[in-house]
Amino acid sequence: MEINMEWYRVFYWTSRLGSLSKAAEHLHITQPAVSHTIKHLEGTLGGPLFFRTTKGVKLTSEGAVLFRYIEQAFSFIEIGEKAIGDMHNLHSGEINIGASDTLCKYYLLPHLEHFHAAYPDIRIRITNRTTPETLVLLKEGKIDFGIVHLPASDKQIDFRASSPIQDCLVAGKPFAERANIQNPLPLPDIQDFPLLMLEGGGSTRRYIDQYAAQQGVTLKPEFELGSIELLVQFARSGFGLAFIIRDYASEEFRTGQLVEVPLHPPIPERSIGIATLRGIPLSAAAKSFLSLLP
């Protein structure tokens, strides 16, 4: 099926603006030309894509399906145009990064500070999402790259391992002394204590659950919290044992507010990863930033 790319451009802007006249104004063509193009496209595809309302036009169910794909296609086109423009210099441009709050604070921030000092005119946008949500944004073309927790896999995405990270089990020092915890603690015995974990849906929680499942253990947390910072605070306050990332509580370890509870078997080390969309070129600004990351 051969369809003029301009037909899809008319369809895209009519969908976005919800009006034939507004689409015509944006595209600098006449409203009859917009109507004529939409009719041609509907005839070629075999059905209506819009229906009229008192306020303009709305997508039919078929039109909505088409728009999801066309929106991604135009997003990719914009990425390509931006990449070419940014190739020439780093005096202007934009980088869109996806990462969790925790990765922003403990991994990205030092590199962002260095890059911003070197290239102050590059605009940096950060979208805070979990690793699975970041990968969805990447495939939709809404971010240039994602900073994620590995392991992760997707046929459309390339992953590069960056800094290693180590998950561990911790407790507030008074709680650990009171509970007389065995050292090392066999994983099945962990259920004898109140357990603090991240909420479900993120890669870190899934990794810990999979580690436990491989040992035949199903973890049943008493508290499910939204961030590593909250886990650290709750553990420090004596609510129970918490799974955290070791490097993200270095101050609490240094001051003795938290103690690590060695596990048997230990949790395998994993990595922070850099996720990029396979086959899609990065802008010069994004490439320059990624070159700073280990």
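All of the numbers you see were taken from the coordinates with simple rules; none came from a lab. This one's a predicted model, so the numbers in the text were calculated from it and none came from an experiment. Quick reminder, even Gly has a Cβ in these numbers, built from the backbone with ideal geometry, and neighbours come from all protein chains shown.
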Against the empirical 2.2 N^0.38 Å scaling, what ratio does the C-alpha Rg of region 229-287 come to?
1.70
For region 5-83, alpha-carbon Rg and Dmax in angstrom:
12.3, 41
Mind putting a number on the dipole of region 167-268 about its Cα centre? Charges go on the C-beta only, +1 for Lys and Arg and -1 for Asp and Glu, and I need it in Debye to the nearest 20.
60 debye
How large is the charge dipole for the chain, taken about the Cα centre, if only the Cβ atoms of Lys, Arg (+1) and Asp, Glu (-1) carry charge, to the nearest 20 debye?
660 debye
For n ≥ 4 DSSP H runs only, could you compute -39500 (n - 2.57) per run for the chain, divide by its residues and tell me the 222 nm figure to the nearest 500?
-12500 deg cm²/dmol
Using only Cα atoms and rounding to the nearest 10 degrees, what angle (0 to 90) does helix 5-17 make with the longest principal axis of the chain?
70 degrees
Run the simple label-point estimate for Ser271 and Ile3 please: 7 Å along Cα→C-beta, distance reported in nm.
4.1 nm
Efficiency by 1/(1 + (r/R0)^6): what FRET value for Lys220 and Ser21, r their Cβ-Cβ distance, R0 = 51 Å, to the nearest 0.05?
0.30
Subset of Lys105/Lys173; Lys155/Lys220; Lys22/Lys55; Lys139/Lys287; Lys142/Lys287 violating a 23 Å alpha-carbon distance limit
Lys105/Lys173; Lys155/Lys220
Just to be sure I understand: if I project the alpha-carbon convex hull of region 1-154 onto a plane and average over all orientations, what area do I get in nm²?
12.3 nm²
FRET efficiency, 1/(1 + (r/R0)^6) with R0 41 Å, evaluated for Glu251 and Lys55 via beta carbons:
0.15
Express in nm, to one decimal, how much length is gained between Thr44 and Tyr69 on full extension, taking 0.36 nm for each residue of separation and deducting their alpha carbon distance.
7.3 nm
What Rg and what Dmax come out for region 190-294 when only alpha-carbon atoms are used, in angstroms?
17.1, 53
Normalised per residue, the volume inside the convex hull of the alpha-carbon atoms of the chain in Å³ amounts to 182 Å³
In sequence order, what are the phi-derived ³J(HN,Hα) couplings for region 112-124 according to the Karplus relation 6.51 cos²θ - 1.76 cosθ + 1.60 with θ = phi - 60°, rounded to whole Hz, with x for glycine and proline?
4, 4, 5, 5, 5, 5, 7, 10, x, 8, 7, 7, 10
Remind me, relative contact order of region 1-53 in percent, using alpha carbon pairs under 8 angstrom and six or more residues apart?
32 percent
Looking at the chain as a GNM with Cα springs under 10 Å, which of Leu150, Leu198, Leu230 has the largest mean-square fluctuation?
Leu230
So for the chain, averaging the separation of alpha carbon pairs under 8 Å that are six or more residues apart and normalising by length, what relative contact order in percent results?
22 percent
Can you give the FRET efficiency to the nearest 0.05 for Ala33 and Ala118, using r as the Cβ-Cβ distance and R₀ = 45 Å?
0.40
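Highest mean first, how do 177-183, 157-163 rank when packing is the count of other Cβ atoms within 10 Å averaged over residues?
157-163, 177-183
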